[in-house]
Amino acid sequence: MEKAKSSGDWKAVHDFYTTSFDSFLEINAAFKKDANFPFNTIEDSGINAKFVNVVYDALLNTPQDVQKSVLKGIINGLLQEWKGPRTKDDLRAYCILLQNPQFSNTSTYVIYAHLLRQIAALTEADHHFLVHWSKKISQKRFKQLVDRLLQFISLRLFPAKPEEFPPMMKCTWWIPSATKVLALFNAANSLSSPPVISYTDFYNSTLDHIDLMEEYHNWQCYGNSHRFSFCQYPFIISIAAKKVIIQRDSEQQMISIARQSLVDKVSRRQKPDMNMLFLNVKVRRTHLVSDSLDELARKRADLKKKLKVTFVGEAGLDMGGLTKEWFLLLIRQIFHPDYGMFTYHKDSHCHWFSSFKCDNYSEFRLVGALMGLAVYNSITLDIRFPPCCYKKLLSPPVVPCDHNTLVGICDVALEDLVQIMPELAHGLTELLAYEGNVEEDFYSTFQVFQEEFGVIKSYNLKANGDKIPVTNQNRKEYVQLYVDFLLNKSIYKQFAAFYYGFHSVCASYALLLLRPEEVEILVCGSPELDMSALQRSTQYEGYQKTDLTIRYFWDVVLGFSLDLQKKLLHFATGSDRVPVGGMADLNFKISKSETSTNWLPVAHTCFNQLCLPPYKNKKELKQKLIIGISNAEGFGLE
């Protein structure tokens, strides 16, 4: 390459590229690690990855005739493959061709589409090989491949220059083919530990702008048949788009229920009541939990309706503030340590289900219903459950018809226990790694002990567990059974009630589209803060954004540490997390407080409102703000 650049004679380079890409056979020969490398391993493709990267990086710096010769060779190779039977060696060629950076240019999309079509049409066994080989691609190249496929889909859906592509009617297979190939990379990413890239890197935000409900209904009607729908490949749909699908699906169910209620009223010649369109919850502050339980139990048929809350004996319409206050107060009370339903684990900063036994688990059902109502009413809850909780919540994602089917049970491992009880998980890890005599040195059996209301109780992990010693040979089984006991069996009734409560509100096939992490974000919001975005979307009352106090405020807040920024958000909104729609969805407001500048800022968490006195300088504002947000107790309700 250097010689060609200096001399201007590109013949040798042209010949190399023309020969190397002349056919699938030549591609294999050019990029094989070893000419005698046998095709016999799923873990090693035999491709010289470094050489592939060098050749492709150099290709973009060659004259146009060289680049055109490569594309011409690829066309010939694809035509030969399409006509004749494929050999196992051809998989290497497909893997190599996918990495060609020329396919980032829209002028190559017709060729790229045919390449994707052939890869999508490969057998399941061939796809299996490609998935495992893709795991070995470097993170940088892997991300480039994923981005290229996402861009291809986006530009086919919304082309900047429609004349560049064939009419959509003549290439309806383009997007399905690209999505199926993208699914191979998603599978490779899921099989990697840790994943090569974040699952959010597979989101295509362009899909937020198509008719998602049509996609959803097609998927519901035709399932995973030959009719394509993006819902068959939920990894590509963003969490924001999934929230839209869930809420619209709920609205349609809600409208259907309300319409039937209206018809019933009219048929009985009764006067229609607008309240039938809402889930009206009336509670006394002094009996918050019991009243809420009674209301939700009595109105199970209305749970999918828009929520409206009334506090008995208090005036005022619920414009959203009372609903949020109800959620905040209920969560604060139910998760209080004295209530005993959940145990807070300081090491992991999360709550987990108490394993106590009782006759009535209805309050766990209430918490599940609260989470479901929060999703449908766009309320971000200040709840901290570990990730495995949401994995259990989707086990299964749709409530089974057979009531004898176990729910909320999923495969668990030490990695799940680490999220809740890291110290215990560390001890079990040490047991697995212990090199001495486990039976003699640990003197443990397949029996474990738990404290319940001050009483120590014993449980056998298997039949006659108290008589079976833990040994070097069976310690893996012991650890697996112990983890399963802690996360599944010991809390089964509590979690089953919680599961049914959540699904009583969120009973929708749309849940099949969600990952556990996405359910958590829908319930609790995202931990990713962007205070600049909050600044851009903030509304003001009594202030202008150019006022000195406001400029001081944002100078201070943008300079805060992440911990202080989270405290501010929690102080003002009741949660330190961000809704699915981003900071703009908070509807954050800063109001001018006419109180003395000696006073601290005050928050109305039910309205995401911060009342700020007109402090005279930045130092005073920073001092008062830090004191206020650092010493707020509970949820800072005002």
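Tabulated values for the structure
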{"read-out": "Filtered residues of region 400-420 (kept if in contact (Cβ under 8 Å) with a residue 24 or more places away in the chain, of a type outside the set (S, T, N, Q), farther than 16 Å from Gln494 by Cα and assigned to a loop (DSSP other than H, G, I, E, B))", "value": "Val412, Ala413, Ile420"}
{"read-out": "Of the criteria (1) of a type in the set (A, V, I, L, M); (2) under 38 Å from the mean Cα position of the chain (by Cα); (3) more than 27 Å from Arg384 (Cβ to Cβ); (4) in a strand (DSSP E or B), which one Ile456 fails", "value": "(2)"}
{"read-out": "Residue pairs meeting the criteria (Cβ under 8 Å; at least 6 apart or on separate chains; first among the polar types (S, T, N, Q), in region 291-307; second in a strand (DSSP E or B))", "value": "Ser292/Val281; Ser292/Val283"}
{"read-out": "Subset of region 323-353 that is touching a helix residue (DSSP H, G or I) at 6+ places or on another chain (Cβ under 7 Å) and under 30 Å from Gln260 (Cβ atoms) - its residue that is surrounded by the fewest Cβ atoms within 10 Å (Cβ to Cβ)", "value": "Leu330"}
{"read-out": "Residue ID - surrounded by the fewest Cβ atoms within 10 Å (Cβ to Cβ), chosen from residues in region 236-269 that are β-branched (Val, Ile, Thr) and in contact (Cβ under 8 Å) with a residue 40 or more places away in the chain", "value": "Ile257"}
{"read-out": "Exclusive hit being at pLDDT below 95 and polar (S, T, N, Q), set Ser630, Ser591", "value": "Ser630"}
{"read-out": "Qualifying helices (runs of 4 or more DSSP H) (wholly inside region 94-163; at least 3 residues being more than 22 Å from Val70 (Cβ to Cβ) and modelled with pLDDT under 95)", "value": "124-134"}
{"read-out": "Residue count, region 614-632 (criterion: in a loop (DSSP other than H, G, I, E, B) and touching a residue at least 24 places away in the same chain (Cβ under 8 Å))", "value": "4"}
{"read-out": "Among (1) part of a loop (DSSP other than H, G, I, E, B); (2) in contact (Cβ under 8 Å) with a residue 12 or more places away in the chain - the single one Leu569 does not satisfy", "value": "(1)"}
{"read-out": "Single unsatisfied condition, Gln450 versus (1) surrounded by 16 or more Cβ atoms within 10 Å (Cβ to Cβ); (2) under 20 Å from Gln419 (Cα atoms)", "value": "(1)"}
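The values are calculated or read from the model by the stated rules, or taken from the named source; none is laboratory data. Computed from a prediction, not measured in an experiment: that's the story for all the values here. We place every Cβ from the backbone using ideal geometry, glycine too, and count neighbours over all the protein chains shown.
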